[in-house]
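K.L.:
This is the structure I have questions about; it appears just below.
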Amino acid sequence: MSATPIPVALIPDHDPHLARAISSAGGEIVDLADARVLVWTGDVAGFPAPLPDHIEWVQLRLAGIESFLNAGLLDDKRIWTNASGFYAENVAEHALALLLAGLRQINVAVQRHWDKEAIDTAVRSLHGSTVAIIGAGGIARSLIPRLRACGADVLAVNHSGRPVEGALDTLPSSRLDEAWSRCDHVVLAAPATDETRNMINATTLAALPSHAWIVNVARGPLVDESALHTALTTGVIAGAALDVTDPEPPAVDHPLWDLPNAIITPHVANPSSGLTRTLAPWVAENMRRFAAGGDDMLARVDPGASY
């Protein structure tokens, strides 16, 4: 006899990738009033609050859930999971592409065409350098092998200081200030919190070597963009590549647009068009874990934590 299907509300959008994943893992799509599980495919706007008590688990489609926390939506009545780590491969690939594009002056070549002398003398190699990854979680675990394959070492910074596999060294966030002088380049992969806001500022920029590139695939508020513009125009650092900005999108007359040593991509490290396709197998795995008791759910969220 087959097990009773787990009733799942898939809202506000009935995404076919997620629907197939739910069905393949023993779930049945039902209305919210009849569900034990909510797979929420939207943003914070429109989230059904308060949730009925019969919802035992909520799966969010996003990794960055600051807006849900700020709205006070997360509670301790049920299991909450987000997409932390589910999109790591996509984001790591984009981070490496941005860093290489800057170091190899690909963006400048696109703008200036065959300006060989200027471009030739500005090209740098990733090989032999040290890259600091700030916020060394799932993205770092995917990015480190890629960086090492290019001949770079990695200095990881995470909250606990627990060693990160593949990193040359790992620092706790309480020793973040030590990282700037020990690296050649920086990749930001940390969440946006009060503690991380403007972690890249005039002081930290000045502590970096002048050949440094900064890559931000995390959240725009991690970077003081005014201080970054000054650093880029005065030679304090060599360049910056941003997939996220504050706000998004930047104003059409934002001064960073015009700098040859600034690369801005429109928040596509994890493309929205493929989000649910990437998320689907993880949702299926969490469905199986929920059916088994829910003790080891992937990307479980602590409602009392800062993300």
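K.L.:
Checking GLY235 against (1) small (Gly, Ala, Ser); (2) surrounded by 14 or more Cβ atoms within 10 Å (Cβ to Cβ); (3) closer than 24 Å to LEU205 by Cα, only one condition comes out false. Which one?
P.N.:
(2)
K.L.:
Can I ask one more? Restricting attention to the range 205-217, report how many residues are in contact with an Asp or Glu (Cβ under 9 Å, 6 or more places away or on another chain) and crowded, with 21+ Cβ neighbours inside 10 Å.
P.N.:
7
K.L.:
Against the condition closer than 22 Å to LEU100 by Cβ and either free of Cβ contacts under 8 Å to residues at least 24 places away in the same chain or in the same structural domain as ALA156 (by TED's automatic domain parsing) (or both), how does ALA206 come out, does it pass?
P.N.:
No; evaluated as a whole, the condition is false for this residue.
K.L.:
If you scan the range 261-282, which residues turn out to be of a type in the set (Gly, Ala, Ser) and part of a loop (DSSP other than H, G, I, E, B)?
P.N.:
Hit for the range 261-282 is ALA269, nothing else.
K.L.:
Take the range 1-38 and flag every residue that is of a type in the set (Asp, Glu) and part of a strand (DSSP E or B).
P.N.:
Correct list: GLU28 only.
K.L.:
Do you know which of the residues in the range 266-307 that are surrounded by 14 or more Cβ atoms within 10 Å (Cβ to Cβ) and in contact with a Lys or Arg (Cβ under 8 Å, 6 or more places away or on another chain) is nearest to GLY27 (Cα to Cα)?
P.N.:
ALA280
K.L.:
Taking the residues in the range 75-88 that are modelled with pLDDT of 95 or more and not in a loop (DSSP other than H, G, I, E, B) as candidates, determine which candidate is nearest to ALA189 (Cα to Cα).
P.N.:
Ranking the candidates gives THR81 first.
K.L.:
Kindly establish whether ARG288 is at pLDDT 95 or above, outside any strand (DSSP E or B) and among the basic types (Lys, Arg).
P.N.:
Answer is yes for this residue.
K.L.:
Right, next: Looking at the range 17-42, which of its residues are of a type in the set (Gly, Ala, Ser) and surrounded by fewer than 16 Cβ atoms within 10 Å (Cβ to Cβ)?
P.N.:
SER23, SER24, ALA33, GLY42
K.L.:
Yes or no: the range 156-168 includes at least one residue that is over 28 Å from ILE65 (Cα atoms), in contact (Cβ under 8 Å) with a residue 12 or more places away in the chain, in the same structural domain as ALA218 (by TED's automatic domain parsing) and among the acidic types (Asp, Glu).
P.N.:
So far as the range 156-168 goes, no, none of its residues is over 28 Å from ILE65 (Cα atoms), in contact (Cβ under 8 Å) with a residue 12 or more places away in the chain, in the same structural domain as ALA218 (by TED's automatic domain parsing) and among the acidic types (Asp, Glu).
K.L.:
If I go through the range 101-136 residue by residue, how many of them are without any contact (Cβ under 8 Å) to a residue 12 or more places away in the chain and not in a helix (DSSP H, G or I)?
P.N.:
Counting residues in the range 101-136 that are without any contact (Cβ under 8 Å) to a residue 12 or more places away in the chain and not in a helix (DSSP H, G or I) gives 3.
K.L.:
For the range 208-229, which residues satisfy the criterion of being assigned to a helix (DSSP H, G or I) and touching a Leu at 6+ places or on another chain (Cβ under 8 Å)?
P.N.:
Listed by number, the residues that qualify are GLY220, LEU222, GLU225, ALA227, LEU228, HIS229.
K.L.:
For the structure I just gave you, tell me whether VAL154 is touching a helix residue (DSSP H, G or I) at 6+ places or on another chain (Cβ under 9 Å), buried (at least 22 other Cβ atoms within 10 Å of the Cβ) and at pLDDT 95 or above.
P.N.:
So VAL154 fits the description; yes.
K.L.:
Might you check whether a residue that is in a strand (DSSP E or B), surrounded by fewer than 17 Cβ atoms within 10 Å (Cβ to Cβ) and either small (Gly, Ala, Ser) or out of contact with any strand residue (DSSP E or B) (no Cβ under 6 Å at 6 or more places or on another chain) (or both) occurs anywhere in the range 167-176?
P.N.:
yes
K.L.:
Has the range 80-93 got at least one residue that is in contact with a Phe, Trp or Tyr (Cβ under 9 Å, 6 or more places away or on another chain) and over 30 Å from ARG148 (Cα atoms)?
P.N.:
yes
K.L.:
For the subset of the range 43-63 comprising residues that are more than 18 Å from the chain's Cα centre (by Cα) and over 15 Å from PRO303 (Cβ atoms), which member is surrounded by the most Cβ atoms within 10 Å (Cβ to Cβ)?
P.N.:
Checking each candidate, the answer is PRO48.
The values are calculated or read from the model by the stated rules, or taken from the named source; none is laboratory data. Here the structure is a predicted model, which means the values were calculated and not measured. Here the Cβ is made from the backbone with ideal geometry for all residues, glycine too, and neighbour counts use every protein chain on show.
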